[in-house]
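Structure first, then comments.
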């Protein structure tokens, strides 16, 4: 995401960040589709090709002009910017602007402490809190639990519908929502999309938890032989699809995009490392503890908890 932020002009930066999410959703869709036919050993072997292809592609991509100028490599920075903008583009003004910004940043930070210590300074406190806060809410609102445990959860809430089909449908909707986010993010703005995302996620998660409660507590202890099996399968599916749209529309792309936009250039790599590491730590804790929470408070309690966290996310925004 930092690479995209540094190479993109501001007018299309948000759209390009959404492209990364779109490609990520395509990968999830492929994995869910293959998972319906392959066991996990076979699936792991197939998807292992992705990092190999990524490594080969990165061999042909230049370093960002900003990073090169920051290290004093003027000629390489010019070549990189020319490659990115095309052979016929006039890059002189843009290169001069990048150079001016870097010089101003260096002048401001003369005599400052190390980069990690500087993240605790007053200037960088808000970017750190905002990016890490959004990463926390991104991970603890249930999206990764849906991705990791989609099929087992659908088996518990669906009566007749194929759980693999539900997982694939969710992934398709997630892909379409990411495409919509790419079209809206630079026109509607970051904050409105985050607020819409928070409201929709809260409602969808509360609805899914309520249906799981109905299934677990009420329906299983009541004689409902007159009700056709699977007649209510559309309710949890609708809740999951609504959550998926909300998540992909707002907090998923924007939380990553803001890492590149809020941190000054000289601290962008350090800030990105901090926010990304915190994000993966939260993701690990969330996925690792989801099954334990489900055992103690039930599937409905787990998603009511996520709904409460989504409300806190809305207040945070």
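The values are calculated or read from the model by the stated rules, or taken from the named source; none is laboratory data. What you are looking at is a predicted structure, and each value in this text was computed from that prediction instead of being measured. Neighbour counts run over all protein chains shown; Cβ positions are idealised from the backbone, glycine included.
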Selection within the stretch 1-30 - over 19 Å from residue 245 (Cα atoms), part of a helix (DSSP H, G or I) and in contact with a helix residue (DSSP H, G or I) (Cβ under 8 Å, 6 or more places away or on another chain): 2, 4, 5, 6, 7, 13
Tally, over the stretch 31-65, of residues that are at pLDDT 80 or above and either part of a loop (DSSP other than H, G, I, E, B) or in contact with a strand residue (DSSP E or B) (Cβ under 8 Å, 6 or more places away or on another chain) (or both): 10
Candidates 305, 315, filtered to the one that is surrounded by fewer than 16 Cβ atoms within 10 Å (Cβ to Cβ), in a helix (DSSP H, G or I), at pLDDT 85 or above and in contact with a helix residue (DSSP H, G or I) (Cβ under 9 Å, 6 or more places away or on another chain): 315
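Let's see how each residue does on (1) touching a residue at least 24 places away in the same chain (Cβ under 8 Å); (2) more than 30 Å from residue 162 (Cβ to Cβ); (3) exposed (fewer than 13 other Cβ atoms within 10 Å of the Cβ); (4) over 27 Å from the mean Cα position of the chain (by Cα):
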{"site": "22", "(1), (2), (3), (4)": "yes, no, no, no"}
{"site": "40", "(1), (2), (3), (4)": "no, no, yes, no"}
{"site": "43", "(1), (2), (3), (4)": "no, no, no, no"}
{"site": "53", "(1), (2), (3), (4)": "no, yes, yes, no"}
{"site": "67", "(1), (2), (3), (4)": "yes, yes, no, no"}
{"site": "89", "(1), (2), (3), (4)": "no, yes, yes, yes"}
{"site": "97", "(1), (2), (3), (4)": "no, yes, yes, yes"}
Subset of the stretch 156-167 [surrounded by 18 or more Cβ atoms within 10 Å (Cβ to Cβ) and assigned to a helix (DSSP H, G or I)]: 157, 166, 167
Of the criteria (1) surrounded by fewer than 18 Cβ atoms within 10 Å (Cβ to Cβ); (2) modelled with pLDDT of 80 or more, which one residue 10 fails: (2)
Residue check for residue 131: part of a loop (DSSP other than H, G, I, E, B), touching a helix residue (DSSP H, G or I) at 6+ places or on another chain (Cβ under 8 Å), at pLDDT 80 or above and within 25 Å of residue 287 (Cβ to Cβ): no
Filter result for residue 148 (surrounded by 13 or more Cβ atoms within 10 Å (Cβ to Cβ), under 25 Å from residue 255 (Cα atoms) and modelled with pLDDT of 80 or more): no
Hits in the stretch 183-210 - residues which are in contact (Cβ under 8 Å) with a residue 12 or more places away in the chain, assigned to a helix (DSSP H, G or I) and surrounded by fewer than 21 Cβ atoms within 10 Å (Cβ to Cβ): 183, 184, 190, 191, 195, 196, 199, 200, 203, 206, 207, 210
